[in-house]
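Every read-out reported here was derived from the displayed coordinates using simple, explicitly stated rules and does not represent laboratory data. Keep in mind that what you see is a predicted model, and the values were worked out from it rather than measured. Cβ: placed from backbone, ideal geometry, glycine included. Neighbour counts: every protein chain shown.
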């Protein structure tokens, strides 16, 4: 049984749309939410932050965020997933990536920026996302399995119409010492169509590929005024749930990450789509978590972020992968 607290009719409408896309007849009453529902909570939170900041500027007073944000967190706690009801013999969490041959952080970033500047890649930001994602599920202090990735295709328009399709993925067996690749199945989890004005984002327009422009975009999606590297990365992840950034914007992001002085080289690896990547470790804004920002060795683009626990907590052992996102899957095996 769930209690849903919404802070506006718009937020209630968005949640209702998502609930309609799920077969609740097959959903256990105590199931954990799918990864995409967490993204919905993040999106609503970002919208609320924008509204609150606008009120702050007009009134010249400090707005207390806690009540509105707390009400939105409830959204992400709504249990709606039927994809978790799978044979328990499969793994409950993904195998962590392994890295080797770390180069200097500044060299990794400089090389990536050079590749982004020299190629005919993504010339302009796109209101379109291809993403592979997974997030851990906890019930009564126990990790619930198996690992069921979701492959998301999102396309939206300047008039805030759009369509989102989610397909269940599966993880193949490991090969040559690398983690198993994520590939799509034929099982569609949901398909949601948004009419004009129904798709909620802070702005339908993307700021320019400058530090000021990219900072403005990150701030729209929840980044504080003086962010840590972890807060920058976490806002970046939310932005990339809704935008495919241009190569120029990605280059600015990489420079911003480097300028924090908090990135640490992990080395080279092969990601869950079979792509060669370089990893940068960024401590999360949340204690006990760390992010691996994955940079394509081919294009220089940021193509993934994986989050692991550094300490044990609430039934989750240290070094457990608790979430991952991968973008640009057309360059891997899930596209």
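Data for the structure
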quantity: Over segment 141-278, equivalent-ellipsoid semi-axes from the Cα gyration tensor in Å; calculated: 28, 25, 14
quantity: FRET efficiency, residue 211 to residue 92 (Cβ-Cβ, R0 45 Å, nearest 0.05); calculated: 0.65
quantity: Gyration tensor verdict on segment 200-293 (Cα atoms; rounded if a/c is under 1.5, prolate if a/b is larger than b/c, oblate otherwise); calculated: prolate
quantity: Full-stretch length increase - residue 159, residue 120 - with 0.36 nm per residue and alpha-carbon distance subtracted; calculated: 11.2 nm
quantity: Neighbour-count ranking [beta-carbon atoms within 10 angstrom, fewest first] of 99, 199; calculated: 99, 199
